[in-house]
Every structure is written in C-alpha cells, then in structure tokens.
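The values are calculated or read from the model by the stated rules, or taken from the named source; none is laboratory data. Because the structure is predicted, anything quoted here is derived from the model rather than measured. All Cβ positions, even for glycine, are placed from backbone atoms using ideal geometry, and neighbour counts span all protein chains on display. Heads up: the accessible areas ignore ligands, DNA and RNA and are worked out on the full protein's heavy atoms, side chains in. Shrake-Rupley method; radii C 1.70, N 1.55, O 1.52, S 1.80 Å.
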Amino acid sequence: MRYVVTGAAGFIGSHLSEALLAAGHEVVGLDCFTDYYDPALKEENARGLDVQRVDLAVDALDFSGFDGVFHLAGQPGVRSFGDVFPLYLRRNVLASQRVFEAAGRDGARVVFASSSSIYGATERYPTPEDAQPQPLSPYGITKLACEHLAGAYVREFGLDCVVLRFFNAFGPRQRPDMAFTRIVFALAEGGPFELYGDGSQSRSWTYVGDIVAATIAAMEHGSGTYNVGGALEASMIESIELLERISGRTLDVRRHPAVAGDQKRTKADTTRIRGELGWEPQVTLEEGLTRQWQWASDTLTSR
Ligand code: UGA
C-alpha cells in the first residue's frame, strides 16, 4: 500500500513509518520540523525515511494515489495555556481541517491521532470512548475540535476516517518534554527531575510499539473511535520507583506545584479495540521503561 504519514519525524510518526516500511509498504512522510523541541532530534528520528518538509496549515496537499493518510502531525503537550495557543490552533485545528479536506477530496482513508487528553476531568474510570469529553487543556480542546472536524467530513463528505485516542505513548525517542524522557536522562546524567504535583497522578502508559500496532490495525480494518491504552495504570511515584530499580540509580526529585491542564488520572477502557481489532498491549511498563532507559544510556554514550 502507499501511505502518507504526517509528523513522520516525530516520536510516534518515526516508529510508525519504520514499521510500515518493514511491512513492505511505501511511505511518504510529511513534517515541518517545528521547534516545539529541538528539530535536530527530529532530523535524527527521520534518518532513513523519506520525509518531505510540508506545512500542513498552508502548503498544497495532494493525497491522490495514496491508499491512506496517518495523520499524526500536531502541536503536542497538555501544558498549553498562555500565548502559545495560536500554535495549537494552527498546527492542530487548521492543519487537520486541511488534511481532512484533501483526503476527502482525494479518496484517501485517514487514521487521526487524537489523545486521552480529550477526556480531561472525566469521572468514568476506566474511561470508555462514549464518556463525556471534558478536556482540561487548550491542547486537549484542539484535539477534540479535530475529532469533531473529522466527524463533519465523514458525515458531509464521506471521508473514511478512524480516530485513535492515544494514552501516554512512551519508549525510545519519546519527546524530550515528556516525563519519562526527562526522568531517564536525569538518571543517566545525574541531573534533577522537576515533579509537578504530589506524584499521585496516574496514566495508562502505552508502549510506542503497541501504539504503532494499533495504528496499523486501525488503518487496515478499523472504524469509528478507539482508545489505545496500556494495560497497566501507574502513578508518577510508582513509575519513578520502577525507573530507579531498572537503572540502579536514585532520582534527584525537585517538587513543584501541579501545573494547569494536567489530568489527575487516565485509565483506558480498551474493550472496543480488543473486541474489534484484536489489539492487546504486548509490552509491559517495566519492559518498555527498560528499553527507554537503554535508549537514553546509548544516546549519551554516542554523543
Ligand atoms: C502526554 C503528551 O504530552 C500529550 O501530547 C499526549 O496527548 C498525552 O500525553 C496523552 O497521551 O493524552 P502528559 O500526560 O502530560 O501528556 O504526559 P507527560 O509529559 O509524560 O507527563 C506525565 C505526568 O508527569 C504529568 O502528570 C506531568 O505533570 C508529569 N511531569 C511531566 C512532571 O512531573 N515533570 C515533568 O517534567 C514532566
């Protein structure tokens, strides 16, 4: 098959592109190498991939001849209040509207990467797909807006689109602003880790390889909206203890107040994706964190 992957130079996009190539598909990556984090890391992620520099918010988009578009590009990060909001509007809402418009016109199927952050202050745990969304962050609100845009294109223009709500992807190449990457590098380098809140906040951490498997399965035979969440919910404190055990080191934790936009808890109800796509998370938190720790150690050694 011929696929487009938007955000191919990002954390999940680069893993997905590699898996698609390994499965014998043709992949064209699109990425605009924004400076949300060091673009040199994205260059590194994109090594060996065909990634074109395209700004989805303005450049002409042509998906004719492609079987599907994996739309992963976006402005990430839940800590998104303040004057950064125009970036979230442009790189999430506007960019996605243009992707849906072009895919509908060109007859390409879309898998859209949404986020567990659309659930926000939900009180249903584990959280099923039909829970009332109550996003807490501007980021989550733009992701929910994108879901609604996709829905409008599905209903009004027959767009063929599957929505995936990823729950805290982790593993090698995780973004440098995310907790686990900060922790593994702090452990490896001996630096501090700034912990927001009391550490009791918990997540359905999901290994990136499992996210990739779910994303490909969704393109191949999914429909509607699916949660993609790891089997085990763990708090920040539990995750830090696990990483200390894996690394054999002690983390220098500096405590800070909780940050606006942060969810207290996420826990995915994955009944739907298990039943319809036969997807099960394969990599445990311990195994995935061991790989992320190894990646950080190798990265520092090769610098
Ligand atoms: C993450 C991603 O940033 C979003 O792009 C994604 O959509 C979302 O997961 C999701 O999967 O829905 P977040 O839960 O904030 O959002 O992930 P982390 O940055 O890994 O943070 C996890 C927890 O660690 C949060 O409670 C956060 O406050 C805390 N944290 C993070 C710290 O205590 N210190 C840090 O330096 C970073």
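Miscellaneous remarks
- The spread of Cα positions in the stretch 65-202, taken along each principal axis and listed from longest to shortest, comes to 52, 35, 30 Å.
- The residues of the stretch 68-126 expose, per residue, 38 Å² of accessible area to a 1.4 Å probe.
- Taking the 1.4 Å solvent-accessible surface of the stretch 114-239 as the whole, the part contributed by carbon and sulfur is 53%.
- A simple count of charges around SER114, restricted to other residues whose Cβ falls under 10 Å of its Cβ and scoring Lys, Arg +1 and Asp, Glu -1, yields +1.
- The base-10 log of I(q)/I(0) for the stretch 142-181, evaluated at q = 0.25, 0.29 Å⁻¹, reads -0.81, -0.94 [Debye formula, identical scatterers on Cα atoms, solvent excluded].
- Helical contribution to [θ] at 222 nm, DSSP H n ≥ 4, -39,500 (n - 2.57), averaged over the chain, rounded to 500: -12000 deg cm²/dmol
- For the chain, the antiparallel share of DSSP beta bridges with both residues in that region comes to about 10%.
- The stretch 19-42 residues near the modelled ASP160 label - backbone nitrogen below 17 Å, point 7 Å along Cα→Cβ: 26
- Rounded to 0.05, the FRET efficiency of the VAL84 and ARG105 pair, given R0 = 25 Å and the Cβ-Cβ distance, is 0.20.
- Inverse mean reciprocal Cα-Cα distance (Kirkwood Rh) of the stretch 164-303, Å: 15.7
- Charge dipole (the chain, unit charges on Cβ, about Cα centre) - positive-most of SER204, HIS15, MET219: SER204
- Count Lys and Arg as plus one, Asp and Glu as minus one, and take only other residues whose Cβ is under 13 Å from that of ASN92; the net charge is then +3.
- Extreme residue, positive dipole direction of the chain, given options VAL51, VAL228, PHE157 (C-beta unit charges): VAL228
- The residues neighbouring THR181, those whose beta-carbon lies less than 10 Å from its own, together hold a net charge of +2 under the Lys/Arg +1, Asp/Glu -1 convention.
- The stretch 232-289, Rg to Rh (Cα coordinates; Rh as Kirkwood inverse mean 1/r): 1.07
- Inverting the pair-averaged 1/r between distinct Cα atoms of the stretch 105-167 gives 12.3 Å as its Kirkwood hydrodynamic radius.
- Label-to-label distance for SER64 and ARG47 is 3.8 nm, based on points extended 7 Å past Cα in the beta-carbon direction.
- Dipole magnitude of the stretch 135-254, debye to nearest 20 (Cβ charges: Lys/Arg +1, Asp/Glu -1, about Cα centre): 120
- Along its principal axes, the chain has C-alpha extents of 54, 44, 42 angstrom, given from the largest down.
- Here the dipole of the chain is about 400 debye; that uses its Cα centre as origin and unit charges on the Cβ of Lys and Arg (positive) and Asp and Glu (negative).
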